[in-house]
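Each remark here refers to the structure printed beneath this line.
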Amino acid sequence: MLRKVNLKLLPFLCLCILTATTASATDMNIKGWEKGGKYDKLYDNTDRDVFKGTLIKIVDITPFEGMTEGVGLVVKDKEDGEKVLVHLGPKDFVEPRIKGLRPGVTVKVYGVLVEIDGKYEYMAAKVKSGEERKYKFRLTKDGVPFWSLTKAELAKEEADIE
């Protein structure tokens, strides 16, 4: 049996649905990591690069003063032996997604080389560990950070990782 919907409640229902599907970032502390912010603007998707190396350690990072803490990797480049700091993203978003990542493994890092405070570091779009394990942090096509996606968009992207 179909019931009439009270039209006065319709705007409220629409707002509830919209709120339930808004960006997953609203559940996280991502101050300074926002899409379009100072840090995000460093990511030039037209200048992507890839390198292989050995994961030395997982570290906490704060790229700019005032940002919430993030997660990075120190990776020893296989080509020249140089240690490279790789930025993954804000801690609240990254930590639950990298549980299987361990020092000593070979990784392939896809991202962009950026200069921060006179140092060259990587902002990762994706990290592969071994043949089957992928960790994605930005859309490959345009560099949009995963933590700024809606829950539905993020679920679709994470389903593509498997």
The residue from Lys91, Lys76, Lys99 that alone is touching a Gly at 6+ places or on another chain (Cβ under 7 Å), closer than 20 Å to Met28 by Cα and not β-branched (Val, Ile, Thr) is Lys91
Over region 109-126, the set of residues farther than 17 Å from Asp60 by Cβ and crowded, with 17+ Cβ neighbours inside 10 Å is Val109, Tyr110, Gly111, Val112, Val114, Ala125, Lys126
Filtering region 123-148 down to residues that are over 12 Å from Tyr43 (Cβ atoms), touching a Leu at 6+ places or on another chain (Cβ under 8 Å) and outside any strand (DSSP E or B) yields Phe146
The number of residues in region 32-59 that are in a strand (DSSP E or B) and more than 21 Å from Pro90 (Cα to Cα) is 6
Among residues of region 134-150 being basic (Lys, Arg) and surrounded by 14 or more Cβ atoms within 10 Å (Cβ to Cβ), the residue farthest from the chain's Cα centre (by Cα) is Lys134
The number of residues in region 39-58 that are loosely packed, with under 14 Cβ neighbours inside 10 Å and of a type outside the set (Lys, Arg) is 5
message = Please verify whether Leu85 is at pLDDT 95 or above, surrounded by 10 or more Cβ atoms within 10 Å (Cβ to Cβ) and over 14 Å from Arg138 (Cα atoms), treating the condition exactly as stated.
response = yes
Result of the Cβ filter at 7 Å on region 148-162, keeping first residues that are at pLDDT 80 or above and partners that are of a type in the set (Val, Ile, Thr) and assigned to a helix (DSSP H, G or I), at least 6 apart or interchain, is none
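Out of Arg97, Arg102, I need the residue that is closer than 11 Å to Ile58 by Cβ and either surrounded by 11 or more Cβ atoms within 10 Å (Cβ to Cβ) or out of contact with any His (no Cβ under 9 Å at 6 or more places or on another chain) (or both). Which one?
Testing whether each residue is closer than 11 Å to Ile58 by Cβ and either surrounded by 11 or more Cβ atoms within 10 Å (Cβ to Cβ) or out of contact with any His (no Cβ under 9 Å at 6 or more places or on another chain) (or both) leaves just Arg102.
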Note on region 70-82: residues of a type outside the set (Val, Ile, Thr) and surrounded by fewer than 18 Cβ atoms within 10 Å (Cβ to Cβ) are Lys76, Asp77, Lys78, Glu79, Asp80, Gly81, Glu82
Exactly one of Gly81, Gly100, Gly104 is of a type outside the set (D, E, K, R), more than 23 Å from Lys38 (Cβ to Cβ) and free of Cβ contacts under 8 Å to residues at least 12 places away in the same chain, and that residue is Gly81
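The values are calculated or read from the model by the stated rules, or taken from the named source; none is laboratory data. Note that the coordinates shown come from a computational prediction; the quantities given were computed from them, not determined experimentally. With ideal geometry, Cβ positions are generated from the backbone for all residues, glycine too; neighbour counts draw on all protein chains shown.
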